[in-house]
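Beneath this line is the structure, given in structure tokens, with notes to follow.
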């Protein structure tokens, strides 16, 4: 592994633990010599994460749509900033630059990005680990929703293993490093698997 994409909120949230977790994740990425790819913002948990990784001497690549960059939301001190035309281009480029994905607490954009790369994993579009840093139980509701969807017949049991949960950056990065794709990758498309 060389780089990890981290999805994170453009707000710091209501608890100081969220920003502290972003700083700890940044330090752990640098300690493991993993580059950071993220949404390119200077605000919220995104900004905290990038600033901490830069402070520790890490590689930080931002990917931001032109519309957000021109609103002065783009971080100006990164190792590299890539400006793209759309959110779709942003996600595709981020995915192409990394070996895995982690979500910190965030809002609708963070949920959307995380669930999209999780869906890509289910479909076999990529074979990269996807994890969430479950700071103060932030993602407990997501786990309950996925289990509910499984019980209701919309998500196969084996697909629950596609999303890794960790309570600390070190534990989550250990799980990301150890993760193995499902055999046959993209089994959802293989009707013989049903």
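Computed values, structure above
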quantity: Taking only Cα atoms of segment 34-83, radius of gyration then Dmax in Å; calculated: 9.7, 30
quantity: Distance histogram for segment 75-184 (every C-alpha pair counted, 5 angstrom bins, percent rounded to whole numbers); calculated: 2, 11, 20, 23, 21, 14, 6, 2, 1, 0
quantity: Share antiparallel - DSSP beta bridges, the chain, percent rounded to 5; calculated: 5
quantity: Value of relative contact order over segment 1-134, rounded to a whole percent, pairs C-alpha under 8 Å and six or more apart; calculated: 29
quantity: Rough spin-label spacing in nm, given labels placed 7 Å along Cα→Cβ, for residue 55 and residue 14; calculated: 2.6
quantity: Rounded tilt (10° steps) of 87-97 against the dominant C-alpha axis of the chain; calculated: 80
quantity: Principal-axis tilt of helix 44-55 within the chain, Cα atoms, nearest 10 degrees; calculated: 70
quantity: Cα-based shape type of segment 82-126, given that a ≥ b ≥ c are square roots of the gyration tensor eigenvalues and the cut on a/c is 1.5; calculated: oblate
quantity: Residue-averaged 222 nm ellipticity for the chain, from DSSP H runs of 4+ at -39500 (n - 2.57), nearest 500; calculated: -12500 deg cm²/dmol
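Coordinate-derived values only; no laboratory data. Because the structure is predicted, anything quoted here is derived from the model rather than measured. Ideal geometry is used to build each Cβ from the backbone, glycine not excepted, and the neighbour counts take in all protein chains shown.
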